[in-house]
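So the structure is just underneath, and the comments pick up after that.
The values are calculated or read from the model by the stated rules, or taken from the named source; none is laboratory data. Worth saying up front: this structure is predicted, and the values here are computed from it rather than measured. Reconstructed Cβ throughout: ideal geometry from the backbone, glycine too, with neighbour counts over all protein chains shown. Heavy atoms of the whole protein, side chains included, go into the accessibility calculation; ligands, DNA and RNA do not. Shrake-Rupley method; radii C 1.70, N 1.55, O 1.52, S 1.80 Å.
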Amino acid sequence: MKEGDLYRFISQCKLGVLSSIADSGAPQSALVGVATTENLEIVFDTVKTSRKYPNLIAKPDCSFVFGWTGEQTVQYEGTAEELTGERLKHYQEVYFHFWPDGPTRLSWPGIVYFVVRPKWIRYSDFDKNPPLILEFTF
């Protein structure tokens, strides 16, 4: 398995569990709709009133879990960046490709977009015997 295979696997997952850390140090998780770039960046939207928004602004390190059909999963650790300006427009195009209804949310108060860049990814396939477990560092 190579990075292109990871892209194909993750991009088939429209949902992922995002975990971030609150100011108190408590972990917080949320199921979010995601889009994936060929560079294995994860794009998602949220609102400023969510718990994840202040968490990611204060502590941008976060993690995702993808895939719960069968026993193939991806654990993903990375760094989040709130998008603005031209970068926002570029990543919105990526996101709207995966989520054609995304533009309808542009009118939501406090809607924002994040991109997460990978630092570490583990792919696990426990459907295989022996299991296939591969790690990638970025």
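With the condition kept exactly as written, say whether any residue in region 15-35 is over 14 Å from the mean Cα position of the chain (by Cα) and surrounded by 19 or more Cβ atoms within 10 Å (Cβ to Cβ).
As a first pass, look at region 15-35 and keep what is over 14 Å from the mean Cα position of the chain (by Cα): 21-28.
Keeping just the survivors that are surrounded by 19 or more Cβ atoms within 10 Å (Cβ to Cβ) gives none.
Scanning region 15-35, I find no residue that is over 14 Å from the mean Cα position of the chain (by Cα) and surrounded by 19 or more Cβ atoms within 10 Å (Cβ to Cβ), so the answer is no.
Which of the residues spanning region 26-56 are free of Cβ contacts under 8 Å to residues at least 40 places away in the same chain and assigned to a strand (DSSP E or B)?
Pro27, Gln28, Ser29, Ala30, Leu31, Val32
From the list Phe96, Phe9, pick out the single residue that is aromatic (Phe, Trp, Tyr), closer than 28 Å to Leu132 by Cβ and either exposed (fewer than 12 other Cβ atoms within 10 Å of the Cβ) or out of contact with any Ser or Thr (no Cβ under 6 Å at 6 or more places or on another chain) (or both).
Numbers: Phe96 fails: closer than 28 Å to Leu132 by Cβ.
After applying the criteria, what remains is Phe9.
So how many residues does region 105-138 have that are among the polar types (S, T, N, Q), open to solvent by 70 Å² or more (accessible area, probe 1.4 Å) and touching a strand residue (DSSP E or B) at 6+ places or on another chain (Cβ under 9 Å)?
Total satisfying the criteria: 1.
Among the residues of region 41-64, is any of a type in the set (A, V, I, L, M, F, W, C), more than 25 Å from Arg122 (Cβ to Cβ), buried (at least 16 other Cβ atoms within 10 Å of the Cβ) and modelled with pLDDT of 95 or more?
Scanning region 41-64, I find no residue that is of a type in the set (A, V, I, L, M, F, W, C), more than 25 Å from Arg122 (Cβ to Cβ), buried (at least 16 other Cβ atoms within 10 Å of the Cβ) and modelled with pLDDT of 95 or more, so the answer is no.
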